[in-house]
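Some notes on the structure that comes next.
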Amino acid sequence: MVVGDVTTGTDVLVIGAGPAGYVAAIRAGQLDLDVTLVEKDAYGGTCLNYGCIPSKALITATDVAHDAATAEEMGIHAEPEIDLGEMMAWKDGVVDQLTGGVEKLCKANGVTLLEGTARFAGENTARVSHSGEGQGSESLEFEHAIVATGSRPIEIPNFDFGDEPVLDSRQALALESVPDSLVVVGAGYIGMELAGVFAKLGTDVTVIEMLDSILPGYDDDLKRPVKGRANDLGIDFEFGYTASDWHERDDEEGIRVVAEPADHAAADGGSEASHASEKESSAEQRSANSHAAEPRDDGEPASGADAVEAERLELETEKVLVAVGRRPVSDTLDLEEAGVETDDNGFIETDSRARTNLEHIFAVGDVAGEPMLAHKGSAEGQVAAEVIAGEPAAIDSQAMPAAVFTDPEIGTVGMTESEAAEAGFETVTGQFPFRASGRALTAGESDGFVKIVADEDAGYLLGASIVGPEASELIAELGLAIELGATLEDVAATVHTHPTLSESVMEAAENALGHAIHTLNR
C-alpha cells in the first residue's frame, strides 16, 4: 500500500525511539496526550540494540569465562571453552526481549508507532518517509515535537566503517569470530570496555590514544586500577599517537595500522585525526594534550632509539576498532525548515526544560549534548513530556551519575573534590578501600575504593566516586543521598547489611567524620 500524501495530526511527535525518545513517548501517553513515535531503525535505539545492552551482555559473559579460568586461588581449576556463536545468540536474545518490551509498552500507553525517517517541513509539520519499496511518505501536523535522534560513531580520516577490517562499536559487537588481534583507536569508555571484552576472549589487543592516559576526564586515582587490570590482561597501550592510515599486509594475513605522534597530526590541522575519547568530545578538549614521545609503560623516559621510533608506528592486526567518540544525528532532520538552531558541533541547544530555541520543539538525549548518557536522555524525555503536559518539570543534573563498565568498574556522581573547591566549598573527604571489605575479599575483587566529597561545615554530600566491584550499582545510593540533601551523618548512621559491598559507602562517610572502624582515619 502506498501511503502517498496522507496528512495526519498529533499532539506530540517524537522522532527517535531510543531511551530518550521512547521514554518521552510513554510518559506523554501516560499524561493523556496523543503521541506519535517515529523510528527508522529499531525500537530501543542504539543503546538497547547496538550499544549499552549488547556490550554489557558480552562484558558479563567474558567476565564469567575469565573468572572461571583465573580462580586457582579459590581452588577452582577450569579451562572454559568459548563458543562465540552461542554467546552472540544469547546476547541477541537479551536484546530482542528488551526491544520487544519497549514496543509493547509504547502501544499499551496509547503511542502510535510509525516506521520511517522524519524530517521537518515547517514549524508544525514533518514528513515521514516509510522504509520499504512502495511505502511512500506522509505528512504529520504536530503541536509539539521532541527530537531524540541520538548519535552516531565518529569516523576518522582513512578509516571508513564500510571497509571490512575497520569496525565501529556496533560492528565489533556483532563479530562472528574472535579476531586473533585487534587495534583499538581511542581509550575512552567504549574503547576500554571493548578492549577488555576481546582481551578476555583471547585477542591480542593494542590501544592507541592521543592523550597521555586512558579514560580522559576521570581522575587519575580512578583510572589507575583500570589501567593495572588492563595490563594484567595483556592489553598494550600506545599513548600520544593518532591512527592515520591502514593498509593490507603483503602476505594478506591482516593489516598494518599506521599511527603518528599526536603533535604531528595536530600540526596537519586534522581535528578528527587527532582523535579524542568520549569524555573529550568537545572541540577545545579534542585538540588538547598531544604527546610525541611518551614514557614507556614502565615509567622510564624514552631512550634516543625509542624517541626515533616514536616518529611513527606500524601495528600489525587482524581488525581495527575506531572508538573515538560520537556525534549528534541532527543533519538528517532538516532542522532549518522548522527554525531549530544547533551549535557548531551539531548539538541542539536546550534549556532546563528540554526546550530548543522554539517553545514547542524539544530535544532530548545525545542530540541535545553532553553528557551522552542513556539515563540522562531518559530523564530529559520525561521532563519534555511533562512540560508539554503543563507540569512544573525541569532537568536537575546535580546528581547525574555516570558509569564505566571496565574491569574494575567506575561510578561517579556530583562534584569531584577539585570541582567542589572551584565552586567555593570548603570540603572534607572520606575514603574506604575495598581491600578492607570482607565482601570484596570473598568475591576476589579487592581493587579500588569508595570516595565521598562533602561540605566541611554542613556535612552535605557534594559528590562521590567509586572504582571497584559493582561501582555502577553502588553509586546509586550516593546519588540518592545527594538528591535528598543527605549529610555524612545520615549516610554513616544508616545501618548497612553485612557482609556487603555497600558497607564501604557507610565506612567512607565514617572516615570523612573521623571515626571509620575498618580503615585508618586520616
With a sphere of radius 15 Å drawn around the Cβ of residue 334, what net charge do the other residues whose Cβ falls strictly inside it have (Lys, Arg +1; Asp, Glu -1)?
-> -2
Tell me, what is the percent relative contact order of the range 402-513, built from C-alpha pairs under 8 Å that lie six or more residues apart?
-> 31
Approximate shape of the chain as ellipsoid semi-axes (Cα gyration tensor, √5λ), whole Å, largest first | 38, 32, 23
About its Cα centre, how strong a charge dipole does the range 402-513 have in debye, to the nearest 20, once Lys and Arg get +1 and Asp and Glu get -1 at the Cβ?
-> 320
Most to least packed among 10-21, 112-123, 357-368, 471-482 [average Cβ atoms within 10 Å] | 10-21, 357-368, 471-482, 112-123
Of 56/200; 223/451; 56/451; 40/376, which ones are farther than 19 Å apart at the Cα?
-> 56/451; 40/376
Measuring from centroid to centroid over Cα atoms, what is the spacing of the range 68-116 and the range 151-192 in Å?
-> 21
Within 10 Å of each residue's Cβ, count the other Cβ atoms and sort 380, 510 from fewest upward.
-> 510, 380
Would you mind working out the magnitude of the charge dipole of the chain relative to its Cα centre, with +1 at each Lys and Arg C-beta and -1 at each Asp and Glu C-beta, to the nearest 20 Debye?
-> 1340
Sorted by Cβ neighbour density within 10 Å, fewest at the top, the residues 129, 244 = 129, 244
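Each value in this text was obtained by applying a stated rule to the coordinates, not by laboratory testing. Computed from a predicted structure; not experimentally measured. Using ideal geometry, Cβ is built from the backbone for each residue, glycine included, and neighbour counts are taken over all protein chains shown.
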